[in-house]
1. Non-local amide H neighbours of Lys117 (under 5 Å, H modeled in plane, Pro and chain starts lacking H): which ones?
2. Heavy-atom accessible area per residue, the range 76-151, 1.4 Å probe: how many Å²?
3. Are there trypsin sites (Lys or Arg not before Pro) in the range 169-246 that DSSP marks as loop and that have at most 11 other Cβ atoms within 10 Å, and which are they?
4. Taking the solvent-accessible surface of protein heavy atoms with a 1.4 Å probe, what is the per residue accessible area of the range 199-331 in Å²?
5. Which log10 I(q)/I(0) values does the range 147-237 give at q = 0.22, 0.26 Å⁻¹ under the Debye formula, counting every alpha carbon as one identical point scatterer?
6. Ordering Trp88, Trp217, Trp156 by how much accessible area each has at a 1.4 Å probe, largest first, what is the list?
7. Rg/Rh for the range 232-331: what does it come to with C-alpha atoms and Rh from Kirkwood?
8. If I stretch the segment between Tyr274 and Glu212 completely, what's the gain in nm (0.36 nm per residue apart, minus their alpha carbon distance), one decimal?
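The values are calculated or read from the model by the stated rules, or taken from the named source; none is laboratory data. Owing to the predicted nature of the structure, the values given are computational and were not obtained by experimental measurement. Here the Cβ positions follow ideal geometry from the backbone for every residue, glycine too, while neighbour counts run over all protein chains shown. Heads up: the accessible areas ignore ligands, DNA and RNA and are worked out on the full protein's heavy atoms, side chains in. Shrake-Rupley method; radii C 1.70, N 1.55, O 1.52, S 1.80 Å.
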Amino acid sequence: MPTALITGITGQDGSYLAEFLLEKGYRVLGMVRHTSYPRLERIEHLLDKIELVEADLTDLPSLIRVMEKYKPDEVYNLAAQSFVPTSWEQPILTGEVNALGVTRLLEAIRVAHPKAKFYQASTSEMYGAVREVPQNENTPFYPRSPYAVAKVYAHWITVNYRESYGLYAVSGILFNHESPRRGIQFVTRKVTYHVAKIKLGLAREVRLGNLEAKRDWGYTGDYVKAMWMMLQQDQPEDYVVGTGEAHSVRELCEVAFGYVGLDYREFVKQDPRYFRPVDVDFLLADPTKAKTKLGWKPSVSFEELIHMMVDADLERLKYRLDKERRTIFTP
């Protein structure tokens, strides 16, 4: 039975990857910080199937201990300060975790268990002010946030450890991927959650930033499969993963509100507070390499994804309302 270690297992990607690997027959280890234990809701249904191990990307000795004790066959580094606006509020912490944290993890693998295969979660945000459209593995990076700058460092340190020490280390340059487990601070989930609230009479509007920004949005369940596929190849290489389609935030609103019979123009308000200091206007993947060399392709369309997220938020809110009513009327 192969063993996989997932950092960031309590996040969206980590929970989907854990499910995927369990189905493949893996022993799944989830690396958590001591402070992560109260936030296990995304993996609560998996706690009897996985093992949680304590370590921290800011603490090299703890990472070395985990590598020496468990000797995982595969390491998926999904842990990060992952919200772009927060990186402007906390740029030093973002660099400490997203950049130097990756170096510590690679160093722990090099020192304690160099046979492990390593996956680094890179991001389309590294392209920033894009040099070409669409973006592929050879497109130059032009990061436009502390988050993206830290991820560029992490990407290149992964390349350097691969080329300098012969580690099986790869980066997946994943474009935006969403699901019902997406954090509510991200624009897709913010929209679908407010659509559900407005439909149920619990809110009157949603405030957003740049409605013309375009992103390549896919389904997280598809993208974690691509992560795994990258570690099953004979040679370690980096891959761009995306749908090859771009949609604006305005289109996102139109699809989400339209799904429940509402006109987004009546409920969406632009708010200067939600504009970035420097925005990233247009990200579009060229996933040709992933499709041809990995045999990977997305299975969920943009519309299907947004409908799935709206349905999940409606279900959550209806359940909460029913629970509150039962509490009020229980004698």
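1. For Lys117, the qualifying residues are Glu74, Val75.
2. Working: 2950 Å² over 76 residues.
Roughly 39 Å² per residue, with all protein chains present.
3. On the way: sites: Arg181, Arg182, Arg189, Lys190, Lys197, Lys199, Arg204, Arg207, Lys214, Arg215, Lys225; in loops: Arg181, Arg182, Arg204.
Within the range 169-246, the qualifying trypsin sites (Lys or Arg not before Pro) (loop, at most 11 other Cβ atoms within 10 Å) are Arg204.
4. Per residue, the range 199-331 has 54 Å² of solvent-accessible surface.
5. Treating every Cα as an identical point scatterer, log10 I(q)/I(0) equals -1.16, -1.31.
6. Values: Trp88 100, Trp217 10, Trp156 130 Å².
Sorted by accessible area, descending: Trp156, Trp88, Trp217.
7. On the way: Rg = 20.0 Å, Rh = 17.6 Å.
That ratio is 1.14, to two decimals.
8. Working: separation 62, 0.36 × 62 = 22.32 nm, distance 1.31 nm.
Computed gain between Tyr274 and Glu212 is 21.0 nm.
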